[in-house]
Amino acid sequence: MPQGLSRALVAAAVLGAALASGAAEAAAQAPTTEDCLACHADRDLKREKPARGQPASLFVDGTALGASAHGALECVACHRTATAPHERLPRVRCADCHDKVEPALAEGAHGRRGAQARAPAPTCTACHGTHDVRPVAAFSIDTCATCHAGQVRQYRESIHGASRRRGDSEAATCRSCHGAAHALLAKSDPRAPTYHLNLPRTCAACHADPELAKRHNIAVGAVYQLYMDSIHGRAVTRSGLLVAANCSDCHGAHDIKPHTAPTSRVFRANVPGTCGACHAGVLKDYAQSIHGREAARGSARAPVCTDCHSAHQIRRTEAAPWQLDVIRECGTCHAESLRTYRDTFHGKVTTLGFARVAKCADCHGSHTIQSTSDPRSAVASANIVATCRQCHLAATPKFTQFQPHADPTNRARFPGLYYVWLFMTLLLVGTFSFFGLHTLLWLPRSLADRLRRGRSQPDPEP
Amino acid sequence: MSDRYYFRFNLYHRILHGMVIVSFLGLALTGLPLKYAHTGWGAGLSRALGGPFTTGYLHRFFAIITFTYFSLHLGYVLRLVLQRRPGIFWGPGSMVPQPHDLVQFVQHVRYFVGLGPRPRFGRWAYWEKFDYWAVFWGVSIIGGSGLLLWFPTFFARFLPGWVFNVAIVVHSDEALLAVGFIFTIHFFNGHLRPEKFPLDPVIFTGRVSAEDWRHEHPEEYERLEREGRLGEVAADPPPLWMRNFSRVVGFSSLAIGITLIWLIIWTALR
């Protein structure tokens with residue numbers, strides 16, 4: 001049937017029915033859904049002049065409409081000016097009903113003019129559909145994936161996505177970090193939950209909860225509290241430093257993975273690269289050091305950044321507390337060196353909580369550390385005088401013959417010192433044994449003497 | 001009953017021994033916190049004294065007192081030599097160990113086990129001579145190693161660096177020997193043995209009663225009596241202030257020493 005004819009027929013039928021009911025005028029202004037579907041149920045109904053960016057089809061799936069969130073509404077609830085028949089209708093304004101959404105949307109990243117000009121544009125219908133408008137509960141990550149396919153693909157491989165797939169309802173989704181879609185702000189917006197300075201608090205919504213960490217086998221329970229006290233956390237929250245690491249700088253955002261996954265940015269072997277993304281100079285030094293070279297060879301015992309600096313409790317390296325703690329950290333691998341260091345003045349003063357004396361890194365270097373047998377080492381014979389002179393300005397080559405890690409009880413390595421130690425030990429044991437016995441023998445005799453004589457005459461008080 | 005009193009130590013002796021007490025306790029109190037830095041009491045004592053650097057300054061201050069009394073004593077001996085005082089290096093009044101000291105030591109041990117009478121000690125019993133010479137040994141060993149550690153870059157101009165390793169071991173172990181010896185053996189011999197318990201004030205008052213003198217050093221008393229020289233050392237009884245001074249200084253020193261040695265032993269046994 002030609003389009004014009006069918007329309008005319010419908011119009012005539014509608015008019016007739018209206019006249020019959022005696023409410024011709026009202027009906028003519030507000031056609032019912034049935035009236036509309038009389039034409040729009042036709043799958044072939046098309047625009048005469050298709051507009052750019054709009055579907056040509058004018059077909060309305062009555063079944064889908066009935067099952068939709070708007071199933072109870074008449075067509076004219078949205079298409080307010082529709083009459084039967086009608087020419088081209090103005091665009092539906094969802095905000096006529098959903099008036100609270102509009103201001104939020106206008107603020108958010110999705111409602112911005114720039115976003116709306118893009119194709120596909122994040123219009124109401126792009127996410128919610130048109131006649132098949134879905135209830136919010138029916139939304140899924142696929143809705144976001146329509147535009148943000150790359151991010152969603154990364155997310156699906158992330159720990160959050162994988163946990164969701166396993167049925168973990170606590171795992172973060174798009175909304176958990178980005179907020180609700182209408183008011184959603186771009187991460188460049190200082191008000192956005194994903195803004196650099198706000199992100200730690202956003203992650204903390206879940207990760208500040210030690211109970212959650214326990215439930216999900218996350219090793220570091222109080223991670224948020226630790227981070228906020230760290231140099232990174234303070235720089236972010238107190239100084240508002242955009243270059244200071246927040247959670248995603250180390251862990252990634254959509255591609256966040258557990259530290260046990262080899263593809264994770266915080267996987268042990270990847271840690272130097274992750275830290276080096278900001279600390280490029282340190283990474284360069286470290287990569288050439290004995291620690292860096294061993295770690296690069298795959299040695300599980302060679303320290304990476306986090307072994308000395310920790311992950312979430314990174315502190316100022318210029319301050320005494322860290323400088324003193326890191327001595328113990330060196331000792332977790334170099335136990336023997338720590339033990340002998342503690343026998344020296346340097347080691348005892350640091351034990352007492354003062355950092356003004358030589359600590360491991362003061363002699364051996366920190367990121368540039370080399371094996372003592374390496375000519376590049378700060379304690380190699382070519383460098384050691386200069387190293388000692390950092391503090392002992394008048395240090396001579398003879399001065400540097402001092403063994404800062406001597407063990408007097410080790411005869412094989414320090415024979416001279418061993419015999420000095422042995423002599424002193426025997427001297428002590430001998431003296432105390434001799435006089436100890438002397439005293440023990442004397443005591444009963446002296447007691448008897450005292451009892452016989454009485455106490456020596458009390459002094460006359462003058 | 002009133003008793004006659006005689007001088008055993010003159011004022012110079014007493015002042016020097018006072019310096020020994022002050023510097024020795026000072027060195028022990030400021031040195032042990034470093035040696036025992038790994039213990040709670042060592043760290044606490046160090047903190048109470050102002051931390052390791054302040055404690056170090058105090059330690060060297062007391063070391064200077066030590067070097068001072070040591071020099072003063074050497075000067076005193078030199079003066080006696082220049083005055084041609086007889087019996088400094090030999091004889092009954094000398095500090096030099098002599099054959100009769102060995103004999104008396106054997107006699108004393110026999111007395112301990114009930115095989116003979118108490119030996120009749122002269123002015124200096126053998127353990128008193130030991131204490132005296134122990135100071136020479138201690139001051140040279142601890143003082144010498146201490147100077148090495150005080151001025152390492154100076155001594156490293158002509159000494160190899162390993163001497164500092166030796167100095168650390170020697171200074172620390174010899175100090176432990178000195179502290180352990182004074183706070184147990186010397187305290188027992190001088191003050192805590194039942195005949196003298198709890199304190200012999202003679203080193204503070206300088207005066208000894210005739211009865212105590214005859215008990216502790218009968219040979220000396222009788223020799224002077226025989227030679228009619230008792231009058232030369234006759235003294236007034238120690239005045240009350242002097243006896244109170246003895247008690248305050250003496251018991252304080254005993255308390256500090258016994259506390260420290262108790263902490264050392266407790267740490268060793270823990």
Exercise. In the stretch B:1-34, which residue that is within 12 Å of chain A (Cβ to nearest Cβ) and either surrounded by fewer than 18 Cβ atoms within 10 Å (Cβ to Cβ) or modelled with pLDDT under 95 (or both) is farthest from the chain's Cα centre (by Cα)?
Worked result: B:Met1
Exercise. Would the stretch A:248-268 turn up any residue that is within 24 Å of A:His148 (Cβ to Cβ), more than 12 Å from the chain's Cα centre (by Cα) and of a type in the set (Phe, Trp, Tyr)?
Worked result: no
Exercise. If we scan the stretch A:336-350, do we find a residue that is more than 13 Å from chain B (Cβ to nearest Cβ), of a type in the set (Gly, Ala, Ser), within 19 Å of B:Val169 (Cα to Cα) and not in a loop (DSSP other than H, G, I, E, B)?
Worked result: yes
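Taking B:Leu72, is it surrounded by 17 or more Cβ atoms within 10 Å (Cβ to Cβ), more than 14 Å from chain A (Cβ to nearest Cβ), farther than 18 Å from A:Val357 by Cα and under 22 Å from the mean Cα position of the chain (by Cα)?
Details: surrounded by 17 or more Cβ atoms within 10 Å (Cβ to Cβ): no; more than 14 Å from chain A (Cβ to nearest Cβ): yes; farther than 18 Å from A:Val357 by Cα: yes; under 22 Å from the mean Cα position of the chain (by Cα): yes.
Considered against the rule, which asks whether it is surrounded by 17 or more Cβ atoms within 10 Å (Cβ to Cβ), more than 14 Å from chain A (Cβ to nearest Cβ), farther than 18 Å from A:Val357 by Cα and under 22 Å from the mean Cα position of the chain (by Cα), B:Leu72 comes out as no.
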Problem set entry | Check on A:Thr387, closer than 18 Å to B:Leu176 by Cβ and either more than 9 Å from chain B (Cβ to nearest Cβ) or not in a loop (DSSP other than H, G, I, E, B) (or both) | no
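Would you say A:Leu440 is of a type in the set (A, V, I, L, M, F, W, C), assigned to a helix (DSSP H, G or I) and more than 7 Å from every other protein chain (Cβ to nearest Cβ)?
Numbers: of a type in the set (A, V, I, L, M, F, W, C): yes; assigned to a helix (DSSP H, G or I): yes; more than 7 Å from every other protein chain (Cβ to nearest Cβ): yes.
Against the criterion (of a type in the set (A, V, I, L, M, F, W, C), assigned to a helix (DSSP H, G or I) and more than 7 Å from every other protein chain (Cβ to nearest Cβ)), A:Leu440 qualifies.
Would you check which residues across the stretch B:35-51 are of a type outside the set (A, V, I, L, M), part of a loop (DSSP other than H, G, I, E, B) and crowded, with 17+ Cβ neighbours inside 10 Å and list them? Before you say what the answer is, go through the steps one by one.
Applying the first criterion (of a type outside the set (A, V, I, L, M)) to the stretch B:35-51 yields B:35-36, B:38-42, B:44, B:46-47, B:50-51.
In the following step, the residues that additionally are part of a loop (DSSP other than H, G, I, E, B) were identified as B:36, B:38-39, B:50.
Matches in the stretch B:35-51: B:Tyr36, B:Thr39.
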Exercise. Are there any helices (runs of 4 or more DSSP H) wholly within the stretch A:155-220 with 1 or more residues that are in contact with a Cys (Cβ under 8 Å, 6 or more places away or on another chain) and over 15 Å from A:Ser248 (Cα atoms), and if so which?
Worked result: A:210-215
Exercise. Can you name the number of the only condition in (1) surrounded by 15 or more Cβ atoms within 10 Å (Cβ to Cβ); (2) at the interface with chain B (Cβ under 9 Å from one of its Cβ atoms) that A:Ala448 fails?
Worked result: (1)
Exercise. Only one of these conditions is not met by B:Gly180: (1) in a helix (DSSP H, G or I); (2) more than 13 Å from the chain's Cα centre (by Cα); (3) buried (at least 18 other Cβ atoms within 10 Å of the Cβ); (4) at the interface with chain A (Cβ under 8 Å from one of its Cβ atoms). Which number is it?
Worked result: (2)
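Consider B:Trp124 carefully, then state whether it is more than 9 Å from chain A (Cβ to nearest Cβ) and not in a loop (DSSP other than H, G, I, E, B). Before the answer, list the steps.
Numbers: more than 9 Å from chain A (Cβ to nearest Cβ): yes; not in a loop (DSSP other than H, G, I, E, B): no.
For B:Trp124, the condition - more than 9 Å from chain A (Cβ to nearest Cβ) and not in a loop (DSSP other than H, G, I, E, B) - is not met.
Which residue out of B:Leu11, B:Leu16 is aliphatic (A, V, I, L, M), in contact with a His (Cβ under 8 Å, 6 or more places away or on another chain) and under 25 Å from B:Asp212 (Cβ atoms)? It would help to see each step written out before you state the result.
On the way: B:Leu11 fails: in contact with a His (Cβ under 8 Å, 6 or more places away or on another chain).
Result of the check over B:Leu11, B:Leu16: B:Leu16.
The values are calculated or read from the model by the stated rules, or taken from the named source; none is laboratory data. Since this is a predicted model, take the numbers as computed values, not measurements. For neighbour counting, all protein chains shown are included, and Cβ atoms are generated from backbone atoms with ideal geometry for every residue, glycine included.
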